[in-house]
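Heads up, the thing below is written out as structure tokens.
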């Protein structure tokens, strides 16, 4: 009986530690769903937000797999976050010369609907760009990559531009011994045939 | 001693008051279901429908119900009468007067081939939100079957997760997802859907960072389609636009500007949105069947979802307060799995054979 009570504290501590660590670990797990691998000789556009010299390392890994990497914004990638801040829209929306609180209250739904339409139109613009990638650039796949440091999750996504369908998603928990090249190799090996 | 007795008495009174309020049952009041057809022979259903819904709901929930005649009686105290229809902005005032927690009203219209269209609107006191849906189905010979069908929709919506589902989303459907997640979290939302046999169209999946992940994304919780809506109430009566000979050109332009804003983005928002959705679908080369909007809480342990059929622009699915399983370590993946399980599920009427 005494033995149980002596063990109770460490066991409870370990359980608490596991419960606390559980969600963090699970969300950092390496997982992948690849419905369709990129066939050799396919044209791909790779989008990644990192310095040009690092981009070259990434593109070379794809090229070594006999994939045709299109020079699409190869040295000039911005995220939407950098070029457009949606919070600006909120400020513009609320700027009114009629200083009437009831008007603002009544207009709330109008502003909200404007915001929603803005999101739809933003998605529309991106879809049109994807269409151009296929038609004008002759690309078959769009690959998006984001690399993270040790203990964080790097990820990749592949879109088949023929159907606009996501055909591959990979989360990779970056390991202590990983280098940029090993992480890219992991992605390329899983995404390409 | 006397003071002590007084103290005990006061405490007891407090407990009674708290208990009274804690156990006060929800009151659901019903208005009429207006007959939208020209055939007056159906007028008797205007009262029979709400009375039947009230009885059906009371038999399942521990609630107080007020049928139209009781509501009428209550309104007479204010020299008012229960109208057949109300504008949404009239509901907050009405519900305060009839002292109810939820008010349900609607209309019906018999259709050819023995079909009937029933439209119901529900307003919860102080929510400033109205949920309205239209159900088209068989005009049953036995009216209780029809009542059960509609009551089931109401009961599900009044439940904790505000569930409304008009049809299943079959495996193989092409689903475009708008959400407030990005990066590896977004991948974890996609994976169960892809594994579950759904084609995920790349909306939002085609960018490195999500431009719409802030709190404001929550406005997508409100949705309006041709026949159904879950929306907030705006009362334009409270806004004055003074007009007169004194108006100069600037004033006129400003008034015209607000009129256009209101017309395009509030009054005719459904048409404006459908137009935007049409263009988006066309740009995606019609590779989308369902638009799924999923909003996650900051800690990712709860989410809400709205699904709209992109083809016929109908509201397919509403669910709120979806909670992840506490034992499941990754809430995003867990909620995504719940969504996949819910996609194919149809809400069957348990009373129907």
Starting from residues that are within 14 Å of chain B (Cβ to nearest Cβ) and part of a loop (DSSP other than H, G, I, E, B), keep the ones in region A:38-51 and report whichever is farthest from residue A:140 (Cα to Cα).
A:50
Can you name the helices (runs of 4 or more DSSP H) wholly within region B:20-125 that have at least 1 residues being surrounded by fewer than 16 Cβ atoms within 10 Å (Cβ to Cβ), in contact (Cβ under 8 Å) with a residue 24 or more places away in the chain and within 21 Å of the chain's Cα centre (by Cα)?
B:45-60, B:91-98
Within region A:132-164, how many residues are in contact (Cβ under 8 Å) with a residue 12 or more places away in the chain and facing chain B (nearest Cβ under 7 Å)?
8
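Considering only region B:138-152, I want to know if a residue exists there that is closer than 27 Å to residue B:76 by Cβ and in the same structural domain as residue B:69 (by TED's automatic domain parsing).
There is no residue in region B:138-152 that is closer than 27 Å to residue B:76 by Cβ and in the same structural domain as residue B:69 (by TED's automatic domain parsing).
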Just checking, which of B:346, B:337, B:252 is away from chain A (no Cβ under 12 Å), modelled with pLDDT under 90 and outside any loop (DSSP other than H, G, I, E, B)?
B:252
Out of region B:170-218, which residues are assigned to a helix (DSSP H, G or I), touching a strand residue (DSSP E or B) at 6+ places or on another chain (Cβ under 7 Å) and over 17 Å from residue A:34 (Cβ atoms)?
B:183, B:217, B:218
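Only one of B:311, B:260 is under 28 Å from residue A:132 (Cα atoms) and either assigned to a loop (DSSP other than H, G, I, E, B) or more than 10 Å from chain A (Cβ to nearest Cβ) (or both); which?
On inspection, the qualifying residue turns out to be B:311.
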Per the filter on region B:244-287, residues more than 24 Å from the chain's Cα centre (by Cα) and within 16 Å of residue B:310 (Cα to Cα) are B:279, B:280, B:281, B:282, B:283, B:284, B:285, B:286, B:287
On the basis of being within 20 Å of residue B:204 (Cα to Cα) and surrounded by 13 or more Cβ atoms within 10 Å (Cβ to Cβ), does residue B:308 make the cut?
yes
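The values are calculated or read from the model by the stated rules, or taken from the named source; none is laboratory data. Just so you know, these numbers come straight off a predicted model, no measurement behind them. Note that each Cβ is placed from the backbone with ideal geometry, even for glycine, and that neighbours are counted across all protein chains shown.
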